[in-house]
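What follows is a single structure, written as structure tokens, with notes after it.
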Ligand code: IFM
């Protein structure tokens with residue numbers, strides 16, 4: 001299929017210095033889960049528990065990035081990547097989640113950082129992308145305040161040992177998912193279904209962010225630090241008051257519950273009220289909110305598509321999530337809304353870049369942060385190797401082009417977007433969906449671990465080289 005791209009109304013050139021990136025996360029790509037002193041994370045335990053992931057897939061091997069580091073670095077260089085966003089595996093560098101570091105684990109990331117530096121690729125490190133050491137979960141996990149303190153120590157260790165090579169720090173990736181999918185709906189590790197625990201986890205994740213921010217600032221003065229949030233562009237299925245209220249509840253849980261403490265130093269009362277009486281809940285001690293709202297250097301925005309919801313009846317089980325958005329904890333009383341006419345990705349998520357512009361404009365309107373990076377954006381499709389041995393993914397190209405156009409439009413309206421990271425560099429372990437959902441610019445043939453750059457890889461290479469979308473309005477990319 002050939003596709004025509006380009007919106008003549010929107011400038012497709014990006015500002016000088018715009019950072020063109022791609023991302024990955026440790027548990028999703030590294031594999032080597034039992035090597036060189038690494039100990040289990042909550043995702044090892046969860047994925048090895050029958051029934052938790054599709055087909056029982058685990059991250060044991062994943063994209064075998066741990067053993068194929070040089071090959072993957074060469075792919076990044078071939079792409080002309082400006083920045084690589086990766087996460088550091090806490091159970092690899094500090095296997096017990098406290099105390100002694102693991103020299104072999106640190107060494108892996110030193111080799112990664114050296115390899116990036118040799119190829120002039122900026123290193124954007126995330127400290128936590130969901131792989132809590134199991135030893136810390138055994139002591140209570142994120143619902144326990146102590147985990148936030150341990151995270152601060154881990155951040156200091158990483159900043160001290162690896163900080164020379166890191167240009168951009170992100171403390172947490174999508175704490176909404178860690179708290180509410182991990183402890184609320186249970187579709188992510190550690191698989192608990194308790195909204196009170198999820199609320200407690202939210203506060204301790206944010207406190208962990210605060211501790212990590214302070215630790216990096218003290219170890220590496222001047223290094224830019226931010227946090228990546230998957231803010232939701234929430235849409236109500238109708239104008240009916242019940243549906244609008246449902247949309248507002250989701251806005252409360254996924255957006256305000258994180259943005260207000262981080263940027264305004266308070267928790268939203270309606271959200272706290274919704275979960276009141278569910279222990280342990282929020283245990284805020286004096287000084288917490290001041291620490292959590294310490295200014296960051298940038299906000300990382302992760303965006304995939306708008307989230308359409310409608311009101312559900314009385315609280316029952318969790319709702320949604322089979323295919324599409326959700327699930328949500330029962331107290332939210334909402335269901336996913338889906339229109340059969342929509343274009344969707346293999347995740348069942350609607351394709352609509354307008355939500356991205358809306359979020360960027362809103363962030364800017366509120367003047368919360370001096371800079372924004374789109375730290376994740378991309379799409380899963382059912383890619384395959386064709387008889388000619390190629391992986392053609394025109395839908396992904398169209399998706400990326402339309403979202404980059406949207407970013408161009410936001411920049412033109414003054415939003416300080418400094419860079420963009422495609423999710424993701426290679427296909428990888430998509431959490432509860434295992435290997436059934438492919439997001440990569442590079443196809444992984446999992447049996448052999450052969451890497452095959454998709455057509456989107458070449459398209460993105462041209463965009464990076466031109467610092468602009470590679471095609472003008474009406475041109476065709478086959
Ligand atoms: O793969 C995930 C990533 O780990 C976090 N953000 C969303 C991606 C796609 O679901």
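Computed from the coordinates by the stated procedures, all read-outs in this text should not be read as laboratory data. Everything quoted here is computed from the prediction, not taken from an experiment. Positions of Cβ are backbone-derived with ideal geometry, glycine not excepted, and every protein chain shown enters the neighbour counts.
Below is a table of values for the structure above.
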{"read-out": "Potential extension, residue 98-residue 167 segment - 0.36 nm per residue separation minus Cα distance", "value": "22.3 nm"}
{"read-out": "Part-to-part distance (alpha-carbon centres) for segment 199-243 and segment 384-426, which is given in Å", "value": "24"}
{"read-out": "In nm, spacing of pseudo-spin labels at residue 240 and residue 13 (7 Å Cα→C-beta vector)", "value": "5.1"}
{"read-out": "Distance between segment 166-189 and segment 109-165 - C-alpha centres, whole angstrom", "value": "13"}
{"read-out": "Cβ crowding within 10 Å averaged over residues, with 256-268, 148-160 ranked highest first", "value": "148-160, 256-268"}
{"read-out": "Mean residue ellipticity (222 nm) of the chain, computed from DSSP H runs ≥ 4 via -39,500 (n - 2.57), nearest 500", "value": "-9500 deg cm²/dmol"}
{"read-out": "Cα-only Debye scattering, the chain: base-10 log of I(q)/I(0) at q = 0.06, 0.10 Å⁻¹", "value": "-0.24, -0.70"}
{"read-out": "Bridge type composition, the chain - antiparallel percent by DSSP, nearest 5", "value": "30"}
{"read-out": "Ranked by how many other beta carbons lie within 10 Å on average, peptides 102-108, 397-403 from highest", "value": "397-403, 102-108"}
{"read-out": "Protection proxy ranking of 369-377, 135-143 - average other beta-carbon atoms within 10 Å, highest first", "value": "369-377, 135-143"}
{"read-out": "Pairwise label distance in nanometres, residue 276 with residue 248, each label 7 Å out on the Cα-Cβ vector", "value": "1.7"}
{"read-out": "Relative contact order %, segment 143-288, counting alpha carbon pairs below 8 Å whose residues are six or more apart", "value": "27"}
{"read-out": "Cα coordinate range in segment 365-467, projected on the principal axes (Å, largest first)", "value": "48, 32, 18"}
{"read-out": "Chain lengthening between residue 107 and residue 412 when straightened (0.36 nm per residue, less Cα-Cα)", "value": "105.6 nm"}
{"read-out": "Normalised contact order of the chain, rounded percent, pairs of Cα under 8 Å and 6 or more residues apart", "value": "20"}
{"read-out": "Estimated D of segment 225-352 in µm² per second, where Rh is the Kirkwood radius over Cα pairs and Stokes-Einstein applies at 20 °C, 1.002 mPa s", "value": "134"}
{"read-out": "Residue 343 paired with residue 366, simple spin-label distance in nm, labels 7 Å along Cα-to-beta-carbon", "value": "3.0"}
